[in-house]
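Report on the following structure.
The values are calculated or read from the model by the stated rules, or taken from the named source; none is laboratory data. Owing to the predicted nature of the structure, the values given are computational and were not obtained by experimental measurement. Because the Cβ atoms are built from the backbone with ideal geometry, glycine has one as well, and the counts that use them run over all protein chains shown. Ligands, DNA and RNA are stripped out before the accessible areas are found, and what is left, the full protein with its side chains, is counted by its heavy atoms. Shrake-Rupley method; radii C 1.70, N 1.55, O 1.52, S 1.80 Å.
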Amino acid sequence: MAFTKKKTDSQELPEVLPVHVGFIMDGNGRWAKKRGLPRSLGHIEGGKTFKKIMQYCKDIGIKYASFYVFSTENWKRPQAEIDGIMKIMREYLDEVQMHLGDGVRAIFLGDKTAYPDDIRERMIKLENDTAHHSQLTVLLACNYGGRDEIAYSARQIAEKVKSGELSPEDITEQTIADHLYTAGMPDVDLVIRPSGELRLSNYLIWQCAYAEYYFTNVLWPDFSPEELNKALIDYAGRGRRFGGV
Ligand code: IPE
Ligand code: IPE
Ligand code: MG
């Protein structure tokens, strides 16, 4: 847990801030539909919110912010929508370093092999270029699925058992955690899902085992620092027991 006290324009933040906040950026399509716009415009607007919230997390001293960008299940969507999302990712990856600014480390969670070569190369370059930053770590879940990630961890462990590097008796919860995409990162403390859906949709299912959840009907493009403040205040008032008393 981080203990910080920061003043924002609107209100005072609580003493206890989560170390890792996970954002399920949902509701872009409905935001566009409500305005009679194509879904792709909802994704563009959602991208703007992402930049704003990432900057705000940095300003208030959140150490880890993860964002659900694209799930392993989202490939089921119409090709035109997928192409639109890839276009936004490409543009974003081109200008991202300017937006991230100093102190922000970017890490992608998920299987990068599914992406076109140019996108994958941009992702790897961004990870390498920002690897030395430590003020805020931004975890971008792209082609990410929690079950897929656990299977990935199991495959890597199985390879080590096969080669004799590890024996089955040595496999603990920590071994599995150490082979996830989030190896070395803290578990999620607070998950925020806008858009009114009350589910995790395969997001960081291992890392959210003891997370707190905050749901709001606000659609992601309308999500704001003020909304995040509300979630942080709500979080600070909760009693986390992790099975204890
Ligand atoms: C989230 O918004 C973005 C992605 C899943 C890529 P949606 O596109 O799911 O928006 P809704 O849920 O249809 O409103
Ligand atoms: C979760 O949203 C995935 C992302 C936000 C990237 P979805 O819109 O895909 O989730 P479901 O289908 O409503 O569960
Ligand atoms: Mg959705």
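So, in segment 191-210, of the ones that are open to solvent by less than 10 Å² (accessible area, probe 1.4 Å) and out of contact with any Phe, Trp or Tyr (no Cβ under 7 Å at 6 or more places or on another chain), which residue ends up farthest from ligand 1 (Cβ to nearest atom)? Restricting to residues being open to solvent by less than 10 Å² (accessible area, probe 1.4 Å) and out of contact with any Phe, Trp or Tyr (no Cβ under 7 Å at 6 or more places or on another chain), the top hit is Q207. Within segment 47-70, the only residue that satisfies the criterion of being more than 11 Å from the chain's Cα centre (by Cα), closer than 16 Å to I192 by Cα and polar (S, T, N, Q) is T49. Residues that are open to solvent by less than 20 Å² (accessible area, probe 1.4 Å), touching a helix residue (DSSP H, G or I) at 6+ places or on another chain (Cβ under 7 Å) and either of a type in the set (S, T, Y) or in contact (Cβ under 8 Å) with a residue 60 or more places away in the chain (or both) within segment 63-106 comprise A65, F67, F70, listed in sequence order.
Of all residue pairs spaced 6 or more apart or on separate chains, those with beta-carbon atoms under 8 Å, a first member in segment 113-133 that is assigned to a helix (DSSP H, G or I) and a second member that is among the charged types (D, E, K, R) and open to solvent by 90 Å² or more (accessible area, probe 1.4 Å) are R122/D94. Across segment 91-112, the qualifying residues are those that are closer than 20 Å to I60 by Cβ and not in a helix (DSSP H, G or I), and the one among them that is modelled with the lowest pLDDT is G101. Summed over segment 60-90, the residues that are in a loop (DSSP other than H, G, I, E, B) and either at pLDDT below 95 or of a type in the set (D, E) (or both) give a count of 1. One residue is enough: does segment 218-226 have a residue meeting the conditions within 14 Å of ligand 2 (Cβ to nearest atom) and surrounded by fewer than 14 Cβ atoms within 10 Å (Cβ to Cβ)? No; the residues of segment 218-226 include none that is within 14 Å of ligand 2 (Cβ to nearest atom) and surrounded by fewer than 14 Cβ atoms within 10 Å (Cβ to Cβ).
If only one of G61, G27, G36 is of a type in the set (G, A, S) and within 15 Å of ligand 3 (Cβ to nearest atom), which one is it?
Result: G27 is the single residue among G61, G27, G36 that is of a type in the set (G, A, S) and within 15 Å of ligand 3 (Cβ to nearest atom).
Quickly run through segment 202-245 and pick out the residues that are among the hydroxyl-bearing types (S, T, Y), under 28 Å from A32 (Cβ atoms) and not in a strand (DSSP E or B).
Matches in segment 202-245: Y203, T216, S224.
Among residues that are within 16 Å of ligand 2 (Cβ to nearest atom), assigned to a loop (DSSP other than H, G, I, E, B) and touching a strand residue (DSSP E or B) at 6+ places or on another chain (Cβ under 8 Å), C142 is not included. In the set (1) open to solvent by less than 30 Å² (accessible area, probe 1.4 Å); (2) closer than 22 Å to T113 by Cβ; (3) away from ligand 1 (no atom under 16 Å from the Cβ); (4) assigned to a loop (DSSP other than H, G, I, E, B), the condition left unmet by Y181 is number (1).
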